[in-house]
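Before any comments, here is the structure.
The values are calculated or read from the model by the stated rules, or taken from the named source; none is laboratory data. Model, not experiment: these values are computed from the prediction. A quick note on method: Cβ atoms are made from the backbone with ideal geometry, for glycine too, and the neighbour counts reach across all protein chains shown.
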Amino acid sequence: MPTARDLCAKGLSSTRGTLLKRITTSTVYAVSVAGRIQLRPIGLGWTTAWLTQRLIWSRQGNSLRRRNMSSLQRALPAVGQARRTGGRASRTLRGEIPRVAPERWHEVSEQARSEMVPLIIDGVFADSKAVELWSPRSFADRFGDFEVSVSIDLPAHSAPYLERNERHVERMRLRRLVERLEEGELCYLNQAALEQFPGLAEELELSVITPPPIYSVNLWLGGPTRSGLHYDSADNFLIQAFGTKEATLVSPRYGRALRLLADAPSKSSLSPSELSGPSTGVFSRVPRWRGEVLPGDALYIPRGWWHYLASVDLSISVNVWHADRLEFKDHAEKILRAGPAVWARTARDFVWCGALGRPYEQHLFSPPPLGLDYYQRLRRWWRR
Ligand SMILES: O=C(O)CCC(=O)C(=O)O
């Protein structure tokens, strides 16, 4: 918990921040006027002024950020370590996702959420019925006759978001899914509402780690699985009940370098080998946070953080979207930063798929195109 001293320091720094902003604005104005008086080209005066302003504001922003970060770092030294290694651009360096004991989670969770720092809560569900009872075989025995929609024939070497959905989706009984997994097929029961399976929710006591509101709780059964690099709008827990998953996380500030899909900019087209191997090209400047999520662990993925999960073998996980969500301004900022290819594609899909109602290609693990989504939201808002 932040102490009163932290809060005072925060308050003081924001007063100082306002003062600094005012001084900067006056300086900018003076520089630009001086530029004009000396009859230099007006553009030069403004450019100098603008650059000065950016420089001062970014230094100020960095120092504020550093001050704000320190409270979690003080409580949890592993966060500082992860920031030093994972936060530095390097070809080989990978920060470890910090691990906390379940008792410490309650002390630091508020700070982790507000500073948006990923953490693994060590073995918090180790004694749960889920870890004791769940396995692909036991699911086949309990829910064998259930009809489920399964992603099949998953690409092992490319991002799933590049594949067309209809080639990879099949309905089958859960018993058959488990048989196919045991035969070594790459299949995934991905993001299936947990409530479909009677009794499972009671075997995983989420209140141990999750505050309300909870938006959705989903089951993921497959292996070996590769989900593709993407971000979600809400805080997320990935709870591992059976098998192990390797997590790779990237801070939201590096979104531009992740080869975004133009029609779905919350997804990246980077392949599993690019994500797990040594960094090359533009990705070499992107620090990654890595960690193993073992049975009983819960990985906290803050809203907006890019994440990629790969299971080593057969695996069962549950994910929980809950608590804080990205706000409108966060989404707008992400789209503005995504660049011209995304803007053009969004505008095209707004008109083509939205206004003109033309069909689009649905991709694996992907939502409809962003432009269509904007069109539908606008229509709903208009009709209200
Ligand atoms: O575990 C996976 O394969 C993907 C999980 C995921 O992406 C999520 O919970 O948002």
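Data table
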| quantity | calculated |
| --- | --- |
| Residues located in region 288-311, provided they are over 22 Å from Gln111 (Cβ atoms), within 12 Å of the ligand (Cβ to nearest atom), aliphatic (A, V, I, L, M) and more than 13 Å from the chain's Cα centre (by Cα) | Ala310 |
| Some residue of region 171-181 being at pLDDT 95 or above, under 24 Å from the mean Cα position of the chain (by Cα) and within 15 Å of the ligand (Cβ to nearest atom) | no |
| Residue ID - nearest to the ligand (Cβ to nearest atom), chosen from residues in region 231-249 that are of a type in the set (A, V, I, L, M, F, W, C) and over 15 Å from the mean Cα position of the chain (by Cα) | Ile239 |
| Selected residue (only one of Ser216, Ser227, Ser268 is at pLDDT 95 or above, under 21 Å from Ser149 (Cα atoms), within 19 Å of the chain's Cα centre (by Cα) and of a type in the set (S, T, N, Q)) | Ser216 |
| Filter pass, Gly243 being surrounded by 22 or more Cβ atoms within 10 Å (Cβ to Cβ), at positive phi and of a type in the set (Gly, Ala, Ser) | yes |
| Enumeration of residues in region 141-185 that are in contact with a helix residue (DSSP H, G or I) (Cβ under 7 Å, 6 or more places away or on another chain) and free of Cβ contacts under 8 Å to residues at least 12 places away in the same chain | none |
| Residue that is surrounded by 21 or more Cβ atoms within 10 Å (Cβ to Cβ) and away from the ligand (no atom under 13 Å from the Cβ), where the choices are Ala264, Ala257 | Ala264 |
| Checklist (1) surrounded by 15 or more Cβ atoms within 10 Å (Cβ to Cβ); (2) in a loop (DSSP other than H, G, I, E, B) applied to Ala112, failing item | (2) |
| Candidate set: region 318-353, residues that are aromatic (Phe, Trp, Tyr) and in contact (Cβ under 8 Å) with a residue 12 or more places away in the chain; chosen: the one nearest to Val131 (Cα to Cα) | Trp321 |
| Residue count for region 96-118, restricted to those that are in contact (Cβ under 8 Å) with a residue 24 or more places away in the chain and in contact with a Leu (Cβ under 8 Å, 6 or more places away or on another chain) | 11 |
| Set Gly222, Gly228: member being near the ligand (Cβ under 9 Å from one of its atoms) and in contact with a Cys (Cβ under 7 Å, 6 or more places away or on another chain) | Gly222 |
